[in-house]
Amino acid sequence: MNQEKIDRINELYRKSKAEGLTEEETKEQALLRQEYIANVRANLRGQLNNIDIQNEDGSITNLGEKYGNKKHS
């Protein structure tokens, strides 16, 4: 998600508080928010998949390899 879309989300939020949104703007806001949330989740999932844990026996377990292939809802 680029900065232009984030700025648009913020612009629509400020307008919704000040004067309200048209039906079309409300739909646009919902779509932009969904895209933003999906992007945040994907970034977080990517970070979590790159975490290595050292076990008590000294072996290293990569969480992405262990849990990353599971289906996410």
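Taking Cα extents along the principal axes in Å as calculated from this structure, the corresponding entry among (i) 57, 15, 6; (ii) 41, 27, 16; (iii) 61, 21, 18 is (iii). Sorting Thr22, Thr61 from the fewest to the most surrounding beta carbons within 10 angstrom yields Thr22, Thr61.
The angle between the Cα long axis of helix 3-18 and the longest principal axis of the Cα atoms of the chain comes to about 50 degrees, rounded to the nearest 10. Comparing mean-square fluctuations of Arg33, Arg45, Arg14 from a GNM of the chain with C-alpha springs under 10 Å, the top value falls on Arg14. Placing +1 on the Cβ of every Lys and Arg and -1 on the Cβ of every Asp and Glu, with no other charges, gives the chain a dipole of roughly 160 debye about its Cα centre.
Here the contact order of the chain, divided by its residue count and restricted to Cα pairs under 8 Å and six or more residues apart, works out to 21 percent. Of the GluC sites (Glu not before Pro) found in the chain, those that fall in a DSSP loop while having at most 10 other beta-carbon atoms within 10 Å are Glu19, Glu56. Using the Cβ-Cβ distance between Gln3 and Thr61 with R0 set to 30 Å, the FRET efficiency works out to roughly 0.25.
Here the extension length gained between Tyr13 and Ala42 equals 8.1 nm, from 0.36 nm per residue of separation less the Cα-Cα distance. Taken one residue at a time, the phi angles of the range 47-62 give Karplus couplings (6.51, -1.76, 1.60, θ = phi - 60°) of 5, 5, 5, 9, 8, 10, 10, 8, 7, 4, 7, x, 6, 10, 10, 8 Hz. Gly and Pro are set to x. Along the axis of the charge dipole computed for the chain (Cβ charges of +1 for Lys and Arg, -1 for Asp and Glu, origin at the Cα centre), the listed residues Asn10, Ser59, Gln34 are led at the positive end by Gln34.
Laboratory data are not the source of any read-out in this text; all were calculated from the coordinates shown. Fair warning: this is a prediction, and the values are worked out from it, not measured in the lab. Every residue, glycine among them, receives a Cβ derived from its backbone with ideal geometry; neighbour counts consider all protein chains shown.
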